[in-house]
Each structure stands twice: as C-alpha cells, then as structure tokens.
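Step one of this worksheet: look at the structure below.
The values are calculated or read from the model by the stated rules, or taken from the named source; none is laboratory data. Given the structure is predicted, the values throughout are model-derived calculations rather than measurements. Glycine gets a Cβ as well: all are built from the backbone with ideal geometry, and neighbour counts include every protein chain shown.
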There are 2 protein chains.
Amino acid sequence: MRKETDGSEFRKDIVSGDWILVAAKRARRPHRKIKKVRLDPSKKNCPFDDPQFNGAPGPLLWLPHPAAKKHKPEYKNLSKDWWIQIVPNKFPALEPHVTCPAEEPDGPYAKTKGVGFHEIIITRDHKRRISEMSPEEAESLIYAYQDRYRTLAREACIHYILIFHNQGPAAGASIFHPHSQLIAMPIIPPDVSRSLEGSRLYYERNKKCVHCAMIEWEIKKGERVVYENKKFVVLEPYASRVSYETRVFPKKHAGNFDELDSEDRMSLAETMIVSLKKIKKALDDPDYNFFIHTAPVKDGAGHYHWHIEILPKTSTWAGLELGTGIEIVAVSPEDAASELKKY
Amino acid sequence: MRKETDGSEFRKDIVSGDWILVAAKRARRPHRKIKKVRLDPSKKNCPFDDPQFNGAPGPLLWLPHPAAKKHKPEYKNLSKDWWIQIVPNKFPALEPHVTCPAEEPDGPYAKTKGVGFHEIIITRDHKRRISEMSPEEAESLIYAYQDRYRTLAREACIHYILIFHNQGPAAGASIFHPHSQLIAMPIIPPDVSRSLEGSRLYYERNKKCVHCAMIEWEIKKGERVVYENKKFVVLEPYASRVSYETRVFPKKHAGNFDELDSEDRMSLAETMIVSLKKIKKALDDPDYNFFIHTAPVKDGAGHYHWHIEILPKTSTWAGLELGTGIEIVAVSPEDAASELKKY
C-alpha cells in the first residue's frame, strides 16, 4: 500500500537550488496516464539492424560480442559479427567543424554555430534492451560510451559531452531498435552549468562534495535507497524531477565517468540492469530516458560527482510545469523507493 | 516553402541567458510527431458542464454571458445562466492555509509546506475554445482571470500567481471541456526567478526594459512578427523553447497583467483569438499550453514586462533535452512566423 504524504510539499534541490513540488493527492485526479504508443517492432525497415546495408557510413567504433572476444581474441570479422557499433547520426543536431565558432551578436541577441558531434550507439540485438543484457554485454556498451567520450573529449571546440538513451516513443525515440546517443557540443548546457555552480558553492561552503554528503545521508536514512552494491548506490532523489526518477551514483567520489576501470564498469553494468528491471516491473514497462551527468571535458570540476539519471515517463508536462519550471511529482520519492525495492 | 537554415545554430535567450538550439535539418528524421490522442468529448460525464451538479462547491466567481449582461444589467440567475465560473480544483497541487509556512531543514535538504490556491476557470460552452469565442466572450474570460488574480494577490503568503491553459491531452489536459487554471503559490518559481533576474540585470546595464528593446527590434525587423494591432504584438521569439512558440506582448510597458483596463482587455481578447486560430490552422489543430508571465505579486518589478507564452505541442522531449536543458527547435522562429502569417 502506498503511504499518502500529508498535504503537498515544496522541496528544494540541494544542488541547483530549484524547487519541486510533491503533491501525492493530485495522483487521484482523472486518469491522465500516458497512452501507450508502440513503435514498429519489425526488422524489415530497421535502419539499425544492419546499418551499413541501410546506408550508414563505416562505424566510428565497433566491438565484437564479449563471448566472441573472450574465445577468439584475434577475431576480426566485425562487419559480420559486431555486437556494438557507433555511427554518425544521419539527422544530427550538431555537425562537425573546422574552426571553433565564436559567440556573435545578432541584433540585440547572441548566437553561435551549432557545431559538434552527434552519434548513435547501436547494440546488435533488435529487441533486447539493457535490462535484458548479460552483465558482460552491458559492460561492453559502457566501454563503448567511454571510448567515444575519450576520443571526442580531445576535440578542440568541445566543452560538454552528453550520453543519453531514449526508450520508447513517449521518451522521444523514433526507432524501435535499442540504441543510445552521444552529443558533443561547444557550450556547457544551462542545466549542467547550474548544477556545477551549485556543486561548486556547496564545496566552498562545506569543504565537501554535495553529492557525497547526499549519498552518505541517504545510505544512513535508507528510505530512498532502491539498491546498492560495493561500488554503486541507486536512489530516488529527495527533490525528484518526475515520479520514480532514479539516480545511480558511484560511491567513490569521481568527477568524470571516464575514470571507470573495467571492474567499475562490470559493477555499473550490473547496477543498470537491476535498476532498469525494477522500473520495468514496478511501472508496467514504461518508456524512459536516461543520461550521464559528468563534469565538462575542459574543466576538471573536482567538486563534481558524476552520476546517471533515469526518468521514467509517467505523466505529461502541462502549463503549470512549463510556466514555472516547478515539476509536480505525484508519487513521493519515499513511496517510489519502497515500491521499487520490492522488485 | 520552408526555408532551410544553413546548418544548426545555438541561440541565447536574451532574458534568461539560456541556450536553445535551432536544428532545422533534424526535422527530416524518421517521423516522430506526437500521435493524436483525443479526450472523451461527450457531455455525459463532464465535470465542468454543470460543476455544482457534479459536486463542485459554489463558485468563487461567476459571470453571466456578455450579451445577457448588456441586455439585462440586473440579471442575477447565475446558477442557471452563467458564462464563466471559477471553482477550487478538486485535486489541488496546493491547499489553503492559516499561517504562512517557513522553509525548514530536512536533513541536509530544505522544504516548505505546499500551501496556496489552485482554481479552475470554466467557460460554459462544452466545445467552443477561446479561438472560437467572440471578442466579448474572450474579454470576459480575461476579466475573470484578472478578478481572481487581484483577490488572491492580497493573500498574505502568496508570492506568485500563474494563470495557464492546457488544451488537449498531449498538453496535459485530462478533461475535454475547455478550462483554464490559476495557481497561487508561496514561492517565486525557478523559471520566473531566472527571468526576473535577467530582466533586472539588463535594466541595470541598459536603463531599458529588455522586453521593450526586443519588441522594438522585432517590429523593425519584421521577420518574426506574426500579428500586431494598436496595443499588442505577437511574435515568434528569437530563442524559442519549442517550434512555433508564440508570444503575445503588450506594446506599452507594464510589469503586471492586472493593469489591463477594459479597452486593453478587448484588444488582448482579439489578439488571443487571432493567434490561437493561426496556430490551429497552420499546425492542424495541435494541443497546446499557454500561460501568463507577470511580475511577482509582492514586488512591483518595474523592469519586468508581462506577456503570454503559447507553446504548441509538436514534439516530445527526449534525453537530450532532459539531460541538458537545451531545447532543440526543429522549425526556426523565422520560418514559423512566415507560416503563421499566412493564416
């Protein structure tokens, strides 16, 4: 049984300082659940089932299946037997460049060229998602993220790299075949700037990483922790952006996700599989997004603590959210955690 | 024919300083348009067709039809012949209070009680939307907004009042019958704070209202103006949050929308009808949200310039938007304006 919060409550995000509103009683109003729309699951027109056959250029990176790699270290027939490949996005939001663009005035406004990199990270299996992968398979996906991240971090004009994953149409995916994306851009995005600023201020005041303080408190309290192992902790954040928002933190302080070694990757793979399975079971297979929040590439930001945010799609943003920036969370993080723990 | 922007472009919002990304080529990627879901249009179970019959308390405000008012100034049989009524939201995000709540610590976090007012503004007609109203009918709706705004602005704990309208399920509406909402809250919401701060800084630097500077520039340039009359101008903002975002500005500087007199209201009514009709025709009747951005109630904010933002729902937020706070606009504001101007 779900506990009911006694009245609604504004909660302040400890990092950004933004308010969210937990309003559990709102959940009882007329049904407004996202209608389930499904993408075409057939292999026939899938651009990712055989990307090169479907006109994609040769991959920027490809990897064999972990089992194949183990048994045949010299295995090279990747064009036939790839497990992961990374290709440029055919419809990129940003495009490669020669020189780094400057901010230029445009009347009273300012603009800059939309340059950068936008790539698709494809796993071979047409249907199987991360939650259904073996830990070795998921580890190899994380390895692929890291490899491209490191390569693009060396590009002169790139200041921030976001790796993200959209599952299902309500989360903005347009293709059924599971895939992740990487976008490398010449600016630091506004949400990231605000979090970095909050993290820096907390560090200056308290001589401690804000996320470390949060993790310590949450593990002690327990009521918002969903899962933990030796290296990672999964929790519902105190000021969550949506109902059932789930965050995955490395227990050890680290600003950048590219610091993961192979043991860390295996542990993260297991953690992601467990977390996504819990969300799938508890919420009847919802669409979702997840993304990696890490420090900017050109600035160590030693005070920052990288993490993954998973946002299941359980409601639609309306005028209230769009007009205020305050997100209305219908299920409190404590109730969400106690539900997710069951699975 | 739509012009194509040559490559994509980051644009900085002149008020908040946030970046958005205009990426016109992205629009050509596999179809990701919002699937049209329709709410039950029958009158049978409509809670707003006869709110009191359906268990709503007596209205906080009700108004007769403008025609009835004109012909029978003494007309009083409102419970039968109302045109507009305002009732408390049955599933409020915020609830009334006796004393003003303080911010209190919660471990390392902070929270405050979710107190305030959440009301529904209902127009009588079960089907007819604002775009289909007569100017007199829409004027009376704006009058109702203003009346409740003024009343709640006098409440001790209230710092910000947002009036908003959700049209259709993709915009978060759960009830077919057209209605607007008002929410009065004890904090200044984060998006509003950032805009106020941007507006204040611009004013200090330039001794001029940032929105006045923008309006002046846009009217001179013309390429983003959709419509104007003596008192209002409608434009697609340079750094728009979504494709076809449309903003309605009073030409005369005013911080708060409650300063509208009856002539202003008639002009705004006409402007809203024209704007919503254009969006309906150009985008094949999309769902949309609109909201009024005005100064906080307890702080004049003389530098601020109130306005209405209309956000048609033409795409779904995905990991990229959620992970960065950068919104990807597929149709440039210039192209959007030239399309909307045709209707």
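If you go through the range A:257-280 one residue at a time, how many are within 14 Å of the chain's Cα centre (by Cα) and surrounded by fewer than 18 Cβ atoms within 10 Å (Cβ to Cβ)?
0
Just to be sure before I move on: is B:LEU283 surrounded by fewer than 22 Cβ atoms within 10 Å (Cβ to Cβ) and either in contact with an Asp or Glu (Cβ under 6 Å, 6 or more places away or on another chain) or under 28 Å from B:ALA138 (Cβ atoms) (or both) in the structure I sent? Break it down into steps so the answer makes sense when it comes.
Values: surrounded by fewer than 22 Cβ atoms within 10 Å (Cβ to Cβ): yes; either in contact with an Asp or Glu (Cβ under 6 Å, 6 or more places away or on another chain) or under 28 Å from B:ALA138 (Cβ atoms) (or both): yes.
The answer is yes for B:LEU283.
Could you figure out which of (1) within 14 Å of chain B (Cβ to nearest Cβ); (2) closer than 17 Å to A:ALA239 by Cα isn't true of A:ALA336?
(1)
What's the number of the condition A:LYS298 fails, among (1) crowded, with 23+ Cβ neighbours inside 10 Å; (2) at pLDDT below 95; (3) not small (Gly, Ala, Ser)?
Result: A:LYS298 passes all but (1).
Identify all residues within the range A:8-24 that are surrounded by fewer than 23 Cβ atoms within 10 Å (Cβ to Cβ), more than 7 Å from chain B (Cβ to nearest Cβ) and modelled with pLDDT of 90 or more; write none if there are none.
Result: A:ASP13, A:VAL15.
Based on what the data block shows, is A:ASN206 surrounded by fewer than 22 Cβ atoms within 10 Å (Cβ to Cβ), free of Cβ contacts under 8 Å to residues at least 40 places away in the same chain and among the polar types (S, T, N, Q)?
yes
Would you mind stating whether B:SER195 is within 12 Å of chain A (Cβ to nearest Cβ), touching a residue at least 24 places away in the same chain (Cβ under 8 Å), closer than 30 Å to A:GLY114 by Cβ and part of a helix (DSSP H, G or I)?
yes
Given the condition touching a Ser or Thr at 6+ places or on another chain (Cβ under 8 Å) and modelled with pLDDT of 90 or more, answer yes or no: does some residue in the range A:70-82 qualify?
No - not one qualifying residue is present in the range A:70-82.
Regarding the range B:165-179, can at least one residue be identified that is under 19 Å from B:GLU259 (Cβ atoms) and at pLDDT 95 or above?
The answer is no, given that none of the residues of the range B:165-179 is under 19 Å from B:GLU259 (Cβ atoms) and at pLDDT 95 or above.
Could you check how many residues of the range B:322-338 are within 20 Å of B:GLU223 (Cα to Cα) and either among the aromatic types (Phe, Trp, Tyr) or not in a helix (DSSP H, G or I) (or both)?
Going through the range B:322-338 one residue at a time, the tally reaches 4.
For B:ILE161, state whether it is among the β-branched types (Val, Ile, Thr), over 22 Å from B:LYS277 (Cβ atoms) and in contact with a Leu (Cβ under 9 Å, 6 or more places away or on another chain). So that I can check it myself, show each step before the final result.
Details: among the β-branched types (Val, Ile, Thr): yes; over 22 Å from B:LYS277 (Cβ atoms): yes; in contact with a Leu (Cβ under 9 Å, 6 or more places away or on another chain): yes.
Yes: the conditions hold for B:ILE161.
Exactly one condition in (1) surrounded by 15 or more Cβ atoms within 10 Å (Cβ to Cβ); (2) in contact with a Gly (Cβ under 9 Å, 6 or more places away or on another chain); (3) modelled with pLDDT under 90; (4) of a type outside the set (Val, Ile, Thr) is not met by B:GLY114; state its number.
(3)
Counting only residues that are among the hydrophobic types (A, V, I, L, M, F, W, C) and either touching a His at 6+ places or on another chain (Cβ under 8 Å) or farther than 24 Å from A:ALA330 by Cα (or both), which one in the range A:241-254 is surrounded by the most Cβ atoms within 10 Å (Cβ to Cβ)?
A:PHE249
Restricting attention to the range A:94-138, report how many residues are within 14 Å of chain B (Cβ to nearest Cβ) and on the phi < 0 side of the Ramachandran plot.
The qualifying residues number 27.
For the range B:158-187: of the residues being buried (at least 22 other Cβ atoms within 10 Å of the Cβ) and among the aromatic types (Phe, Trp, Tyr), which is farthest from B:GLU309 (Cα to Cα)?
Going through the qualifying residues, I end up with B:TYR160.
Residues are listed down the side, and each one gets a yes or a no for (1) under 30 Å from B:GLY116 (Cβ atoms); (2) in a strand (DSSP E or B):
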| position | (1), (2) |
| --- | --- |
| A:GLU270 | no, no |
| A:ILE279 | no, no |
| A:ASP284 | no, no |
| A:ILE292 | no, yes |
| A:ALA301 | no, no |
| A:LEU320 | yes, no |
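Run A:TYR238 past the list (1) crowded, with 22+ Cβ neighbours inside 10 Å; (2) over 15 Å from the mean Cα position of the chain (by Cα); (3) not in a loop (DSSP other than H, G, I, E, B) and report the number of the one that doesn't hold.
With (1) crowded, with 22+ Cβ neighbours inside 10 Å; (2) over 15 Å from the mean Cα position of the chain (by Cα); (3) not in a loop (DSSP other than H, G, I, E, B) applied to A:TYR238, the lone miss is (3).
If you take the residues in the range B:250-300 that are in contact (Cβ under 8 Å) with a residue 60 or more places away in the chain and of a type in the set (Val, Ile, Thr), which one is farthest from B:TYR145 (Cα to Cα)?
Only one residue tops the list, namely B:ILE279.
Inside the range A:214-235, can you point out the residues that are surrounded by fewer than 17 Cβ atoms within 10 Å (Cβ to Cβ) and within 14 Å of chain B (Cβ to nearest Cβ)?
A:GLU216, A:TRP217, A:ILE219, A:LYS220, A:LYS221, A:GLY222, A:GLU223
Among the residues of the range B:100-136, which ones are touching a strand residue (DSSP E or B) at 6+ places or on another chain (Cβ under 9 Å) and in a loop (DSSP other than H, G, I, E, B)? Working first, answer last.
Taking the range B:100-136 first, the residues touching a strand residue (DSSP E or B) at 6+ places or on another chain (Cβ under 9 Å) are B:100-106, B:109-125, B:129-130, B:133.
B:CYS100, B:PRO101, B:ALA102, B:GLU103, B:GLY114, B:GLY116, B:ARG124, B:ASP125, B:ARG129, B:MET133 - these are the residues of the range B:100-136 that are touching a strand residue (DSSP E or B) at 6+ places or on another chain (Cβ under 9 Å) and in a loop (DSSP other than H, G, I, E, B).
Out of curiosity, is B:ALA156 part of a loop (DSSP other than H, G, I, E, B) and within 10 Å of chain A (Cβ to nearest Cβ)?
no
Can you find a residue that is within 22 Å of the chain's Cα centre (by Cα) and acidic (Asp, Glu) anywhere in the range A:108-122?
Within the range A:108-122, one or more residues are within 22 Å of the chain's Cα centre (by Cα) and acidic (Asp, Glu).
So the check is Cβ under 7 Å with 6+ separation or different chains; which pairs have a first residue in the range A:87-114 that's free of Cβ contacts under 8 Å to residues at least 40 places away in the same chain and a second one that's hydroxyl-bearing (Ser, Thr, Tyr) and in a strand (DSSP E or B)?
What qualifies is A:ALA102/A:THR112; A:GLU103/A:THR112; A:GLU104/A:THR112.
Are any residues in the range B:97-119 aromatic (Phe, Trp, Tyr) and more than 26 Å from B:SER180 (Cβ to Cβ), and if so, which ones?
B:TYR109
In the range A:159-174, which residues are at the interface with chain B (Cβ under 7 Å from one of its Cβ atoms), in a strand (DSSP E or B) and not aromatic (Phe, Trp, Tyr)?
Within the range A:159-174, A:LEU162, A:HIS165, A:ASN166 meet the criteria.
Answer yes or no: is there a residue in the range A:47-60 that is at pLDDT below 90, surrounded by 15 or more Cβ atoms within 10 Å (Cβ to Cβ), small (Gly, Ala, Ser) and not assigned by TED's automatic domain parsing to the domain that holds A:ASP284.
Yes - at least one qualifying residue is present in the range A:47-60.
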